[in-house]
1. All but one of (1) in contact with a strand residue (DSSP E or B) (Cβ under 9 Å, 6 or more places away or on another chain); (2) surrounded by fewer than 15 Cβ atoms within 10 Å (Cβ to Cβ) hold for Val64, so report the exception by its number.
2. Can you list residue pairs whose Cβ atoms sit under 6 Å apart, with the first residue in the range 49-72 being within 11 Å of Asn15 (Cβ to Cβ) and in contact (Cβ under 8 Å) with a residue 24 or more places away in the chain and the second being in a loop (DSSP other than H, G, I, E, B) and of a type in the set (Ser, Thr, Tyr)? Count only pairs 6 or more apart in sequence or on different chains.
3. State whether the residues of the range 25-47 include one that is farther than 30 Å from Gly90 by Cβ, modelled with pLDDT under 85 and touching a Phe, Trp or Tyr at 6+ places or on another chain (Cβ under 8 Å).
4. Kindly indicate which of Ile52, Ile67, Ile74, Ile63 is out of contact with any Gly (no Cβ under 7 Å at 6 or more places or on another chain) and closer than 23 Å to Glu5 by Cβ.
5. So which residues in the range 10-61 are surrounded by 11 or more Cβ atoms within 10 Å (Cβ to Cβ), over 29 Å from Leu87 (Cβ atoms) and among the aromatic types (Phe, Trp, Tyr), if there are any at all?
Amino acid sequence: MSLPEQHKAIILSSNQSPLDLSVQLIPTPKPTPGSAIVRVLSTYIFPYVADIFTSKRRLLSPIVVPITPGNGAIGRVASVGPDAVSLKEGDFVLIDPNV
């Protein structure tokens, strides 16, 4: 599967209230060793995420913007790095950043 040159992403450009969220076209990354590019099919955003981004809820490290908000996701592998041994294009995957 060939990757598009660009893709749409929701970008948080400012963490000042009101939050500045917009859909932007950004360059699609190329897979590197140890990585895979996943086409996200579904994701979620916690209902209290605005409190995190505006610092009403404290985190261990500050939020650096711009950022693409979201937590986990499900999707399909669009491309894999040159050293892939188990993932392949088309695989259905769960992305959990908290593992």
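The values are calculated or read from the model by the stated rules, or taken from the named source; none is laboratory data. In this text, all values refer to a predicted model and were calculated from it rather than measured experimentally. Positions of Cβ are generated from backbone atoms using ideal geometry, with glycine treated the same way; all protein chains shown enter the neighbour counts.
1. So Val64 meets the others, but not (1).
2. Hits for this filter: Thr54/Ser17.
3. No, the conditions are met nowhere in the range 25-47.
4. Ile67
5. Scanning the range 10-61 gives a single hit, Phe53.
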